[in-house]
Amino acid sequence: MLAWLHQALASERELLEGTVGKANEANAPETPRSGSAATTPTALTAAGSAEGVSEGFNLEAALHKVAEGTTRPLRLRVEQLLATQPGPLVTFRLSHVLHFYAHVLARLLGPTNCLVVTITE
């Protein structure tokens, strides 16, 4: 599941960057990365113009929303694995896999993304 998440989120990031434009990130004002209303993505302005899309779009917030839906199923799978196959070897292997993907996804999504936080817990 983690490999699929990495592939899907990387594809989503490339798609969003290609659609909206990467120059948007350099021009975007600095906003906190919490889940507050100030960081939610705005796809269109009131006019609905293409110019409004690039100005009002926050790539990090959009990726946060995409990853947010995967945190609960991932947590449940990990808990189910630990409940059905207890033992130090499985726990050791799982901790290393989770640590690896936490590092990879932190570079892709940012260290404060909800999926990265869930994996590191």
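Some observations on this one:
- When peptides 108-119, 8-19 are ranked by their average number of other Cβ atoms within 10 Å per residue, the highest-first order is 108-119, 8-19.
- Cα gyration tensor, the range 65-108 - rounded (a/c under 1.5), prolate or oblate: oblate
Any read-out appearing in this document is the output of simple, stated calculations on the displayed coordinates, not a laboratory observation. Treat the numbers as computed from the prediction; the structure is a model and nothing was measured. Cβ atoms come from the backbone with ideal geometry, glycine included; neighbour counts cover every protein chain shown.
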